[in-house]
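Asker: One structure coming up, written as structure tokens, with questions to follow.
Please treat every number below as a calculation from the coordinates, not as lab data. Remember, predicted model here, so these are calculated numbers, not experimental data. Note: ideal-geometry Cβ built from the backbone for every residue, glycine included; neighbour counts use all protein chains shown.
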Amino acid sequence: MLEIKGIWKTFNAGTVNEKQALRGVDLTLKEGDFCTVIGGNGAGKSTMLNAVAGAWAVDEGSISIGGADVTHLPEHKRAAYIGRVFQDPMMGTAPSMQIIENLALAARRGQRRGLRWGITREEKTRYQDMLQKLDLGLEDRLTSKVGLLSGGQRQALTLLMASLKKPRLLLLDEHTAALDPKTAAKVLALSDKIVAESGLTTMMVTHNMKDAIQHGNRLIMMYDGKIVIDVSGEEKKKLTVPQLLELFSKVSGSDEADDKLLLS
Amino acid sequence: MLNFIGALPGAVSQGLIWGLMAIGVYITYKILDIADLTVDGSFCTGGAVFVVLFGQGVNIWAAMLAALLAGMLAGLATGLLHTACGIPAILAGILTQLGLWSINLAIMGMKANVAINVTNPDNLDRLLVSLRFVQDVAKGNRPFIRHPILVVGLFTAAVIAVLYAFFGTELGAALRATGANPNMARAQGINTDTGKVLGLMISNGLVALSGALLSQYQSFADSSMGKGAIVIGLAAVIIGQVVFGKVFRNFALKLLAVSIGAIIYYIVIQAVVSLSNINTNYLKLISAVIVAVFLAIPYWKGRYFTKTSHKGGSAHA
Ligand SMILES: Nc1ncnc2c1ncn2[C@@H]1O[C@H](COP(=O)(O)OP(=O)(O)OP(=O)(O)O)[C@@H](O)[C@H]1O
Ligand SMILES: [Mg+2]
């Protein structure tokens, strides 16, 4: 489904701020894989997801989604394949537009937008039903501005928007990090449900090792712009946090105390 | 005082005409979140194209359509400078505005102004609006339906209706999303570059149309007629928001508020001119001060009375 081959990305090349954020990343996800991504700050997790989403062009390597080479497609064209939820709850929605308008925009992801009416009558009832299922009290607030919603409500809405038009790939970048623990758990459970319902191929970045182990069928860890650990299947199911930490110190060659700091 | 009351119909007519330009400014400033300085040039482009074509006997609607298209071209230039060449929007607007100065003069045959010969009654009758119609209607020489307030009022209503419909379509919604959160827009498959270019074209098309109406109204176009247009546009947008912001929630009403804002602006200016004997050269300074104060008020409010902002969370990615 997703095939990343040898991608490299250097930011601010040739300046004092030069940063090799990705240094030869290879990754292949099968249809329906749910892959969690962990790693310390600055390891390159967001950069990898941004490379897939097309925020900028990679320096080297190729990316294909469902067999289609997207390496040279601009971000808005790749959106036809990809649903995204960001760490910042502000980033995934248009605050000055209504809930229903945001949903209607998302429902047309990957389609040509013309002079047809922006929201059909049928959509209204459909969205109402969907919001009802979220159980956040949003079903009666279809015409409220999204800017008035809480962070958790926004992330739930963004999740809904990302999956409204079934994407071939769902990218979640620490999408619960800005929420309080209770809301975070709720949004995470919702993510699980949405992924399972449509069998979405998913990558989820998290700083929580337990979450990374509990969710999905595959786990990768990044370090210094590379994927250094890759476990899946039975091996991943049996994985524990201490084991993971030990694995990491072996690969990175640094001592455990530092790693705890890095990953906490 | 009598002087002022006598000048009111003219002030309202002018306000309505400039209101169309202000609606164009609203589209870039409020919807796309771009301060577009192209308008100072494209306003005159509209006037120049209209006057020259009209003088050659071209049908008035065709001449106005040509003015609209010329304005859209100006918007296209700014849009491409900004998106395809990566020039900051403000600078892109300034560059186009500067270039338009020469282009506008060229359109007018390198003359600083071109007049419509309104002493010829046939010419006068062909116009949609004219300063003279205000007096003609008052004297009973022309049917009431030709009064500029009525004509431009209807024209404005039609423009608002079209814009209201447009921003309700898929494309219009994509444009609003582009301004509200470009990051989200791209994630939803919207080409934000195209959105910006399209918005700039629509905006400057309207601005040029407004310029075409003003040149009819005053029966001439001149190369400096758009000077400070952006400030007048902003003034109208801000006045409309301050006066009607709390009551006008619907998009069409918000556009109406901009138009009324322009009318209020012209009434105030007219009052200053009629009721004091100030040198009219000071008007631009007064306009600049008024707009600066109104732009500062929301900032001061936010600083000294902490209140959650409505526009929070646009892209700071
Ligand atoms: N747009 C950019 N411009 C310049 N440098 C960047 C950019 N994006 C990322 N970087 C740099 O690349 C490196 C990797 O960043 P990245 O955001 O991918 O880390 P991360 O693994 O997501 O970390 P975190 O857990 O803190 O989110 C960092 O050093 C970061 O400063
Ligand atoms: Mg990150």
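Asker: How far is the Cα center of the stretch B:198-250 from the Cα center of the stretch B:92-133, in Å?
Answerer: 16
Asker: Same structure again: Compare the Cα positions of B:235, A:17, B:1 along the charge dipole of the protein assembly as shown (+1 at Cβ of Lys, Arg; -1 at Cβ of Asp, Glu; about the Cα centre) and return the one farthest towards the positive end.
Answerer: B:1
Asker: Can you give the relative contact order of the stretch A:165-245 as a percent, counting alpha carbon pairs under 8 Å and 6+ residues apart? Each step should come with its number before you reach the end.
Answerer: Numbers: 75 pairs, mean separation 20.9, N = 81.
For the stretch A:165-245, the relative contact order is 26 percent.
Asker: Sticking with this one: Just to be sure I follow: if Rg is taken over the C-alpha atoms of the stretch B:159-267 and Rh is the Kirkwood radius over the same atoms, what is Rg/Rh? The partial results should precede the final answer.
Answerer: Values: Rg = 15.8 Å, Rh = 15.5 Å.
Rg/Rh for the stretch B:159-267 comes to 1.02.
Asker: Here's another thing I want to ask about it. If packing is taken as the mean number of other Cβ atoms within 10 Å per residue, what is the order of B:250-259, B:53-62, highest first? Write out the running numbers ahead of the final one.
Answerer: Details: B:250-259: 20.2, B:53-62: 14.0.
So the peptides B:250-259, B:53-62, ranked by packing, come out B:250-259, B:53-62.
Asker: Right, something else. Assuming a ≥ b ≥ c are the square roots of the Cα gyration tensor eigenvalues, decide whether the stretch A:72-113 counts as rounded (a/c under 1.5), prolate (otherwise, with a/b larger than b/c) or oblate. Write down the numbers at each step before the final one.
Answerer: Numbers: a/c = 2.49, a/b = 1.31, b/c = 1.89.
Because a/c hits 1.5 or more and a/b fails to exceed b/c, the stretch A:72-113 counts as oblate.
Asker: Also, quick follow-up: Which value results for Rg/Rh of chain A when Rg is the Cα radius of gyration and Rh the Kirkwood radius based on the inverse mean 1/r? Can you show the working numbers first?
Answerer: Numbers: Rg = 18.9 Å, Rh = 19.3 Å.
Reported Rg/Rh (Cα atoms, Kirkwood Rh): 0.98.
Asker: May I ask for log10 I(q)/I(0) of the protein assembly as shown at q = 0.08, 0.10, 0.13 Å⁻¹, from a Debye sum over the Cα atoms as equal point scatterers with solvent left out?
Answerer: Values, matching the q order: -0.65, -0.90, -1.25.
Asker: What does the charge add up to near residue B:170, with Lys and Arg as +1, Asp and Glu as -1, over the other residues with Cβ less than 12 Å from its Cβ?
Answerer: Working: positive: A:108, A:109, A:112, A:113, A:116, B:176; negative: A:101, A:123.
Net charge around residue B:170: +4.
Asker: Let me ask you something else. Taking the Cα centre of the stretch A:48-125 as the origin and placing charges on Cβ (Lys, Arg +1; Asp, Glu -1), which of A:119, A:85, A:104 is farthest toward the positive end of the dipole?
Answerer: A:119
Asker: A follow-up question, please. As a check on your grasp of the helix formula, calculate [θ] at 222 nm for chain B: sum -39500 (n - 2.57) over DSSP H runs of n ≥ 4, divide by the residue count, round to the nearest 500. Walk me through the numbers before you get to the answer.
Answerer: Numbers: 13 runs with 228 residues, N = 317.
It comes out at -24000 deg cm²/dmol, rounded to the nearest 500.
Asker: Out of every Cα pair in the stretch A:13-166, what percent are spaced more than 21 Å from each other? Mind showing how you got there, number by number?
Answerer: Details: 6414 of 11781 pairs.
Percentage above 21 Å: 54.
Asker: Per residue, how big is the convex hull of chain B when only Cα atoms are used? Give it in Å³. Write down the numbers at each step before the final one.
Answerer: Values: hull volume 46.4 nm³, N = 317.
Taking only Cα atoms, chain B has a hull volume of 146 Å³ per residue.
Asker: With N residues in the stretch A:1-85, what two-decimal value do you get for its Cα radius of gyration over 2.2 N^0.38 Å?
Answerer: Details: Rg = 12.9 Å, N = 85, 2.2 N^0.38 = 11.9 Å.
This ratio for the stretch A:1-85 stands at 1.08.
Asker: If you don't mind, there's one more thing I want to ask. For chain B, what are the DSSP H helices with axial Cα length of 20 Å or more and mean Kyte-Doolittle hydropathy of at least 1.6?
Answerer: Numbers: long enough: B:2-26 (34 Å, 1.34); B:39-55 (24 Å, 1.57); B:60-83 (34 Å, 1.70); B:89-107 (26 Å, 1.69); B:148-168 (30 Å, 2.30); B:192-218 (39 Å, 0.61); B:229-244 (22 Å, 2.66); B:251-275 (36 Å, 2.10); B:283-304 (31 Å, 1.23).
Membrane-span-like by this rule: B:60-83, B:89-107, B:148-168, B:229-244, B:251-275.
Asker: How large is the charge dipole for the protein assembly as shown, taken about the Cα centre, if only the Cβ atoms of Lys, Arg (+1) and Asp, Glu (-1) carry charge, to the nearest 20 debye?
Answerer: Details: 54 positive and 41 negative charges, 297 e Å.
For this selection, approximately 1420 debye.
Asker: Residues of the stretch A:11-39 with amide nitrogen under 16 Å from the 7 Å Cα-to-Cβ point of residue A:197?
Answerer: Hits in the stretch A:11-39 for residue A:197 at 16 Å: none.
Asker: Hey, another quick one. How much net charge surrounds residue B:231 when only the other residues with a Cβ under 10 Å from the Cβ of residue B:231 are counted, with Lys and Arg +1 and Asp and Glu -1? Write down the numbers at each step before the final one.
Answerer: Values: positive: B:227, B:284; negative: B:40.
Once positives and negatives cancel, what remains is +1.
Asker: I need the Debye-formula profile for the stretch B:1-93: one equal scatterer per C-alpha, no solvent, reported as log10 I(q)/I(0) at q = 0.12, 0.14, 0.15, 0.23 1/Å, two decimals.
Answerer: Evaluating at q = 0.12, 0.14, 0.15, 0.23 Å⁻¹ gives log10 I(q)/I(0) of -0.50, -0.64, -0.71, -1.11.
Asker: Moving on. In whole Å, what are the extents of the stretch B:123-221 along the principal axes defined by its C-alpha atoms, from largest to smallest?
Answerer: Reported extents, whole Å, longest axis first: 60, 25, 18.
Asker: Less than 9 Å Cβ to Cβ from residue A:146, Lys/Arg counted +1 and Asp/Glu -1: what total charge do the surrounding residues give? Write down the numbers at each step before the final one.
Answerer: On the way: positive: A:145, A:154; negative: A:101.
Cβ neighbours under 9 Å give a net charge of +1.
Asker: Taking the alpha-carbon distance from residue A:5 and a cut-off under 20 Å, which aspartates and glutamates remain once sequence neighbours fewer than 8 residues away in the same chain are dropped?
Answerer: Filter leaves A:26, A:31, A:33, A:59, A:60, A:69, A:75, A:224, A:230.
Asker: Here's a follow-up. Go through A:245, A:229, A:188 and say which Cα lies farthest out towards the positive end of the charge dipole of the stretch A:175-246; charges sit on Cβ, +1 for Lys and Arg, -1 for Asp and Glu.
Answerer: So the residue furthest toward the plus end is A:188.
Asker: Now, a different point. Sequence neighbours fewer than 8 away in the same chain don't count; with that in mind, list the lysines whose C-alpha is under 23 Å from residue A:238.
Answerer: A:30, A:193, A:210, A:250, A:260
Asker: Here's something else I'd like to know. Rounded to the nearest 5, what % of the DSSP beta bridges within the protein assembly as shown are antiparallel ones? Don't jump to the answer; show the numbers that get you there.
Answerer: On the way: 26 of 43 bridges.
Counting only bridges with both partners in the protein assembly as shown, antiparallel ones make up about 60 percent.
Asker: Follow-up question, since we're still on this one. Just A:209, A:161, A:91 to compare: in a GNM of chain A, with alpha carbon springs under 10 Å, which one fluctuates most?
Answerer: Top of the fluctuation ranking is A:91.
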